[in-house]
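The values are calculated or read from the model by the stated rules, or taken from the named source; none is laboratory data. Note that the coordinates shown come from a computational prediction; the quantities given were computed from them, not determined experimentally. Here Cβ is always computed from backbone atoms with ideal geometry, including for glycine, and neighbour counts include all displayed protein chains. For accessibility, only protein heavy atoms count, side chains too; no ligands or nucleic acids. Shrake-Rupley method; radii C 1.70, N 1.55, O 1.52, S 1.80 Å.
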Amino acid sequence: MRSALTPYIQIARFDHWFKNIFMLPGVIVALYAQADLLSLTAFGRICLGFLAAGIVASSNYILNELLDAKFDALHPVKKFRPIPSGLVNKQIAVIQWIAFALVGLSCAAFLGRDFFYVSLSLWIMGCIYNIPPVRSKDKPYFDVLSESVNNPIRLMLGWYATGITILPPVSLLLAYWMVGAFFMAIKRLAEYRMINSPTVSAAYRQSFAYYNEERLLQSIIYYATAFGLFFGIFLIRYRMELILSIPLIAGFMTWYIHLGFLENSLAQYPERLYKQRGFVLYCLLCSVMLLVLLFLPVPMLYDIFEASFIPR
C-alpha cells in the first residue's frame, strides 16, 4: 500500500510548499501597517493560511502533472515523474485534484472572504496556466507572467491571513510580480540551456519554439528593471529606509542570474536551492536587512533625499 500511495503523494509536490515562504512578506508588511494585529489569534490564522495555500497549490501541481505528462516524457529529468512513468491512475489523480481544491478552499473560507477569494484566484491561475485552450504556459512571455503572478497572490494570502482588511500597496504587488517573473525567466533559461536542442525544447514546451537565450536574457533584464521601478515607488511612498537594502538586492539578483547559467542549474528546481549554501546564507542576510530596515527608523535619510526641486 505504501508503494502504491507514494506516486500520488509525489504528484502533490509537498516539497514545493516551501514556496509559501513568499507569503511571509505579506504577513510582515501587514503587521508593519497595523501593529495591533499581532496576537495569538493572528498566529493561528497565519498557520491555517499557510496550510490552506499549500493544499490549494498541491491541487494545481496535480493538474500540472496530469496535463504535462506527455510533454514531461520528452524531458531528460521530468520523464521519471510518476505519471510519465505509468505509476498513477489518471482517473484517481483527477479526483485527487478536485479533492485538494475543495479541502484547501474550505480551509481558506474560515479566514474570511478576502482570503478565500485570493485562494480561489490562486487555483484559477493554475487552471489558466495548464488547461487548453488557454494554457498560458505554451505562450511566450505569458507563460512566465501567468506563473509568476502567483507571487503577488501569495503576498496577498500572507497579508489577509493576518486579519487585515485594507488593500496591500499596489506598488509592492507589482514589484513582487516582476521579481517572480525574473525568477521564472531564469528558470526557463536554465531549462533551455540544459536541454540544449531547439527541436527537443520546442516539443517539450511550445513557448520554447519562440525562445532563445538572447530573448530570454532580454526578458530577464526587463523584469529586473520593472521590479526596481515598482520597488522604488514602494519604498519612497512607504519606507525610505529600505533604500539601504538596494545594494544587497542587486547582489542577490546578480547571483541568481549566475546560478541560471551553471550547468544543470538548480534554478530549474527552486526547491533544491538549499544546496547552494553560500546563496542561502546571502538570502538570509538580505532578509534580515530588509526586516531591520522595515522597523528601524533612519531619520537622516529623509533629509538626504528631500526634494530640492519641485517642477511647476
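Evaluate the following for Tyr223: is it open to solvent by 20 Å² or more (accessible area, probe 1.4 Å) and either more than 20 Å from Ile28 (Cα to Cα) or in contact with a His (Cβ under 9 Å, 6 or more places away or on another chain) (or both)? Against the criterion (open to solvent by 20 Å² or more (accessible area, probe 1.4 Å) and either more than 20 Å from Ile28 (Cα to Cα) or in contact with a His (Cβ under 9 Å, 6 or more places away or on another chain) (or both)), Tyr223 does not qualify. Only one of the listed residues (Phe305, Phe234) is open to solvent by 80 Å² or more (accessible area, probe 1.4 Å) and touching a residue at least 60 places away in the same chain (Cβ under 8 Å). That residue is Phe305. Residues in the range 207-216 that are crowded, with 17+ Cβ neighbours inside 10 Å and either among the polar types (S, T, N, Q) or assigned to a helix (DSSP H, G or I) (or both): 3 in all. State whether one or more residues within the range 101-118 are of a type outside the set (Asp, Glu), at pLDDT 95 or above, in contact with an Asp or Glu (Cβ under 8 Å, 6 or more places away or on another chain) and open to solvent by less than 20 Å² (accessible area, probe 1.4 Å). No - not one qualifying residue is present in the range 101-118.
Of the residues making up the range 135-144, one or more are in a helix (DSSP H, G or I), open to solvent by 20 Å² or more (accessible area, probe 1.4 Å), of a type outside the set (S, T, N, Q) and within 16 Å of Leu174 (Cα to Cα). For Asp15, are the conditions met, namely being open to solvent by 60 Å² or more (accessible area, probe 1.4 Å), without any contact (Cβ under 8 Å) to a residue 24 or more places away in the chain and assigned to a helix (DSSP H, G or I)? No; evaluated as a whole, the condition is false for this residue.
Within the range 186-200, which residues are assigned to a helix (DSSP H, G or I) and closer than 19 Å to Asp68 by Cβ? Across the range 186-200, the qualifying residues are Lys187, Arg188, Ala190, Glu191, Tyr192, Met194, Ile195, Thr199, Val200. Going through (1) surrounded by fewer than 17 Cβ atoms within 10 Å (Cβ to Cβ); (2) under 20 Å from Ile98 (Cα atoms); (3) not hydroxyl-bearing (Ser, Thr, Tyr) one by one, Cys47 falls short only on (2). Considering every residue within the range 240-253, establish whether at least one is of a type in the set (Val, Ile, Thr), closer than 27 Å to Gly278 by Cα and in contact with a Leu (Cβ under 7 Å, 6 or more places away or on another chain). Within the range 240-253, one or more residues are of a type in the set (Val, Ile, Thr), closer than 27 Å to Gly278 by Cα and in contact with a Leu (Cβ under 7 Å, 6 or more places away or on another chain).
Taken over the range 32-44, residues that are of a type in the set (Ser, Thr, Tyr), part of a helix (DSSP H, G or I) and open to solvent by less than 60 Å² (accessible area, probe 1.4 Å) amount to 0.
Of all residues in the range 180-206, those being open to solvent by 20 Å² or more (accessible area, probe 1.4 Å) and either of a type in the set (Ser, Thr, Tyr) or touching a residue at least 40 places away in the same chain (Cβ under 8 Å) (or both) number 12.
What are the residues in the range 269-291 that are open to solvent by less than 70 Å² (accessible area, probe 1.4 Å), modelled with pLDDT of 90 or more and not small (Gly, Ala, Ser), if any? Gln276, Phe279, Val280, Tyr282, Cys283, Cys286, Met289, Leu290 - these are the residues of the range 269-291 that are open to solvent by less than 70 Å² (accessible area, probe 1.4 Å), modelled with pLDDT of 90 or more and not small (Gly, Ala, Ser). Can you say whether Asn60 is without any contact (Cβ under 8 Å) to a residue 24 or more places away in the chain, surrounded by 14 or more Cβ atoms within 10 Å (Cβ to Cβ) and not basic (Lys, Arg), as far as the supplied structure shows? No.
Only one of the listed residues (Ile98, Ile92, Ile164) is in a helix (DSSP H, G or I), in contact (Cβ under 8 Å) with a residue 60 or more places away in the chain, farther than 26 Å from Ala202 by Cα and β-branched (Val, Ile, Thr). That residue is Ile92. From the list Ala108, Ala175, Ala203, which one is of a type outside the set (Ser, Thr, Tyr), assigned to a helix (DSSP H, G or I) and closer than 24 Å to Tyr256 by Cα? Within the list Ala108, Ala175, Ala203, the selection yields Ala175.
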